[in-house]
């Protein structure tokens, strides 16, 4: 298993895995981010990949915000590789890079996803705010914030 920053040339493979992962989510029929967004994120945001035999099997993504914080926007792992700590390692690597930048970070999480909330709390996301209908009707989220490390 290999973990590293994503290469710009990998954006289409990442977008393909994103589409598959998104179909398993709360409202899977909703259109996920497309290749155009991944092309920009891979080059200009913090994007890390997990690879097995040169195949991308997991991705983490955070992008800078206008308030100097970073939004952790994506974390997903191919279904056949889940439960092996890959997502946790991708998140650890992403947070390590954010810590080097000495900025706050935040993410949103579905309130009925206790395993994800527990993982994020363990990783230092201590501030929690509930937002009803964050992404639209019946799409509530917690906004979890991790304060900068200096």
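Just so it is clear, none of the values below were taken in a lab; they were calculated from the coordinates. Given the structure is predicted, the values throughout are model-derived calculations rather than measurements. Here the Cβ is made from the backbone with ideal geometry for all residues, glycine too, and neighbour counts use every protein chain on show.
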Computed FRET efficiency, Cβ-Cβ of residue 16 and residue 112, R0 22 Å: what is it to the nearest 0.05? 0.20
In percent, how large is the relative contact order of the stretch 1-95, given Cα pairs closer than 8 Å and 6 or more residues apart? 27 percent
Full extension from residue 139 to residue 97: what is 0.36 nm times the residue separation minus their Cα-Cα distance, to one decimal in nm? 12.2 nm
Fraction of antiparallel bridges per DSSP, the stretch 2-146 only, in percent to nearest 5: 95 percent
